[in-house]
Amino acid sequence: MFEAFSRALRKFTDSVASATGVGITIREEHIEEALDDLEISLLQADVALEVVERLREILKEKLVGKKVSGRKEILSAIRDALVELLSVPAPRIVPPEERPFILLFVGPNGVGKTTTIAKIAYLLKGQGYSSVISASDTFRAGSIEQTEEWARRVGVRVVKHDYGADPAAVAFDAVKSARARGDDYVLIDTAGRQETNENLMEQLRKIKRVVKPHITVFVGEAITGNALLEQIRRFDEEVGVDAVVLTKLDTDARGGSAFTATVGAGKPILFVGLGESPDDLKPFNPEEIVDAILGQGEQ
């Protein structure tokens, strides 16, 4: 994964190294052409323009005026810049004394929202917490059965109504059930929807009014490319987004998705999906992502 981003950074590193020398202090003119080339490469790799521009700014901040003794120091500065860009503080999801902690999950069709919710429930269960999933996708055929099957696999409860029921009513009953049973978390699944569908967006707004979730999480695919930025922004405008989960990060050949969420949309990333198994969801770690990008670039 991240091949395109890695190649672009490797080329940039080589260009800066060749434009300077041992003991040389980097000046802006040393890296301007390399930055231009990097910008073009990343745009061609479908990295959002806002992300590319911010990356260019922070690389210039980290490199100009730095006295380098070789390629290793240039790479270190690049690593610091990338980690800084990805380090958006994320909301804590520790349950309060008056439980449960309520998470509302939103996002487009087909991005793996139900699977992600089950993986989060599995992760929380491993930490000793109990969860209940609200099957509030009453719109898509087979969605409730899919939720039930995943809940069975990871060993958590589901609260459901019939298809066509009010999604907010399902969420309300899930929260009520969790309070009665002392569950730590309520994870609210919702129908996948395009950000332009006003009727479905109103359903999300109603769920938020009824159950008042602690955080709203956007679930999107890492392989979406530039469209990811517009999706996050539209959902944020319509219902409010507090954090992001990126699915299919293991298949992201370009590598810009994490930067799109943090730099472009200004949203922290809670988790990343790296496969289909219940334990293939990992807490987001900026340093691990950056090391994977730079490590790929060194191959």
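What are the residues in the range 77-110 that are outside any loop (DSSP other than H, G, I, E, B), within 28 Å of residue 238 (Cβ to Cβ) and not aromatic (Phe, Trp, Tyr), if any?
Residues of the range 77-110 outside any loop (DSSP other than H, G, I, E, B): 77-86, 101-106.
Filter once more, so that each one left must be within 28 Å of residue 238 (Cβ to Cβ): 85-86, 101-106.
If the condition is that a residue be outside any loop (DSSP other than H, G, I, E, B), within 28 Å of residue 238 (Cβ to Cβ) and not aromatic (Phe, Trp, Tyr), then 85, 86, 102, 103, 104, 106 are the ones that fit.
Could you grab me the full set of residues in the range 106-131 that are on the phi > 0 side of the Ramachandran plot and free of Cβ contacts under 8 Å to residues at least 40 places away in the same chain? Let's see the steps before the verdict.
Going through the range 106-131, the residues on the phi > 0 side of the Ramachandran plot turn out to be 107, 110, 112, 128.
The answer is 128, and nothing else.
Being surrounded by 22 or more Cβ atoms within 10 Å (Cβ to Cβ), among the charged types (D, E, K, R) and in the same structural domain as residue 209 (by TED's automatic domain parsing) narrows it down to one residue among 125, 119; which is it?
119
What are the pairs, 6+ residues apart or on separate chains, where a residue within the range 51-63 that is in the same structural domain as residue 19 (by TED's automatic domain parsing) has its Cβ under 9 Å from a residue that is at pLDDT below 90 and among the aromatic types (Phe, Trp, Tyr)?
Pairs found: 51/259; 52/259; 54/259; 55/259; 59/12.
Can residue 74 be described as part of a helix (DSSP H, G or I) and surrounded by 18 or more Cβ atoms within 10 Å (Cβ to Cβ)?
Taking the combined requirement at face value, the residue satisfies it.
Among 3, 39, which is the only one that is closer than 26 Å to residue 261 by Cα, modelled with pLDDT under 80 and surrounded by fewer than 19 Cβ atoms within 10 Å (Cβ to Cβ)?
3
So which residues in the range 209-222 are buried (at least 19 other Cβ atoms within 10 Å of the Cβ) and assigned to a helix (DSSP H, G or I), if there are any at all?
Answer for the range 209-222, where residues must be buried (at least 19 other Cβ atoms within 10 Å of the Cβ) and assigned to a helix (DSSP H, G or I): 211, 222.
Would you please name the residue that is surrounded by the most Cβ atoms within 10 Å (Cβ to Cβ), looking only at residues in the range 234-261 that are modelled with pLDDT under 90 and closer than 17 Å to residue 88 by Cα?
257
Identify, please: which residue in the range 262-286 is at pLDDT 85 or above and more than 15 Å from the chain's Cα centre (by Cα) and is, among those, surrounded by the fewest Cβ atoms within 10 Å (Cβ to Cβ)?
So the residue we want is 279.
The values are calculated or read from the model by the stated rules, or taken from the named source; none is laboratory data. Because the structure is a prediction, the values reported are computed rather than measured. With ideal geometry, Cβ positions are generated from the backbone for all residues, glycine too; neighbour counts draw on all protein chains shown.
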